[in-house]
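Reading through the structure tokens given below for one structure.
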Amino acid sequence: MPWAILWELLLPPICLGCERLLRSAAIRGLCSQCAPLCPPLAADLRSLGGITACYAYDGPLARALQQLKYGGAAGWAGPLGRLLAAEPLLRAAGDGRRWDAVVAIPRQRDRRRRYGLDHARLLRHHALAHAGVPTRERVALVRVRDRPAQVDLNAAARRDNMHGVFAVAQPAKIAGRRVLVLDDVTTTGATLRAARDALLGAGAAEVGALALLRTPP
Ligand SMILES: [Zn+2]
């Protein structure tokens with residue numbers, strides 16, 4: 001996505017909270033005043049049901065993500081990706097072994113058309129670029145079917161709703177590999193779990209699941 005990179009090169013790095021200019025692009029998305037307002041998730045909320053998340057879906061981070069997802073503000077993918085780049089799980093599993101591939105949850109086709117971008121892919125791209133990991137997509141998840149909206153469903157219904165939604169585009173590249181699947185927000189974890197099932201079903205040896213934000217339970 002060269003236009004997304006161009007976008008960030010043209011825009012100086014700004015704080016996700018106060019939108020002030022950051023002195024250095026090496027600062028992870030939040031200035032020293034805003035960083036304490038967006039603390040990383042506590043240990044008991046960080047990893048739930050095999051899904052790791054970094055921050056709560058709240059405050060400036062939720063606002064920036066909404067502007068990226070629904071307002072077409074692609075410039076937020078850079079600062080949000082910088083936050084994700086600081087997450088150790090992005091590079092390697094708990095045992096320290098690096099992932100063979102990092103894949104993003106693909107956005108539904110109708111939403112991609114309506115909002116003009118695929119936010120999780122953009123986040124993936126910026127996070128990997130800032131983490132110094134190659135960004136080329138060697139493996140992709142695809143949506144076999146779009147699913148009805150999840151918003152009004154309880155956890156069990158969400159799980160059923162997501163069953164069979166994803167497939168792997170190049171299963172031969174997955175066999176025996178260690179894969180991390182990445183999304184912007186997790187709520188019940190149904191989407192990431194469905195993606196993990198598809199990757200394991202395609203022969204992946206190990207699948208990790210990471211979201212930038214978690215909706216508070
Ligand atoms: Zn700030």
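For the chain, the 222 nm mean residue ellipticity estimated from helices alone, with every DSSP H stretch of n ≥ 4 adding -39500 (n - 2.57) and the total spread over all residues, rounds to -9500 deg cm²/dmol.
So, by mean Cβ neighbours within 10 angstrom, what's the order for 57-65, 91-99 with the highest one leading? Could you put the intermediate results ahead of the total?
Numbers: 57-65: 18.6, 91-99: 12.8.
For the peptides 57-65, 91-99, the packing ranking is 57-65, 91-99.
Rounded to the nearest whole Hz, the Karplus-based 3J(HN,Hα) values (6.51 cos²θ - 1.76 cosθ + 1.60, θ = phi - 60°) of the stretch 52-57 follow the sequence 9, 9, 9, 9, 6, 7, with x at glycine and proline. A full extension of the chain between ARG109 and LEU21 corresponds to an added length of 28.2 nm, given 0.36 nm per residue minus the alpha carbon distance. Normalised by residue count, the chain yields a Cα convex hull volume of 121 Å³ per residue. For the listed peptides 171-182, 186-197, 70-81, 39-50, a ranking on the average number of other beta carbons within 10 Å per residue, highest first, reads 186-197, 70-81, 171-182, 39-50.
Between the Cα long axis of helix 190-201 and the first principal axis of the chain there is an angle of about 50°, rounded to the nearest 10.
Once you divide the Cα radius of gyration of the stretch 15-111 by 2.2 N^0.38 Å, the number left is 1.16.
By its C-alpha gyration tensor, with a ≥ b ≥ c as the square roots of the eigenvalues, how is the stretch 173-217 shaped: rounded for a/c under 1.5, else prolate for a/b larger than b/c, else oblate? Note, shape of the stretch 173-217 comes out prolate. Its relative contact order, with pairs defined as Cα atoms under 8 Å and 6+ residues apart, puts the stretch 63-127 at 44 percent.
Just so you know, all these numbers are worked out from the coordinates, no wet-lab data involved. As the structure is a computational prediction, the values presented were derived from the model and not from experiment. FYI the Cβ positions are ideal-geometry reconstructions off the backbone, even for glycines, and counts take in every protein chain you see.
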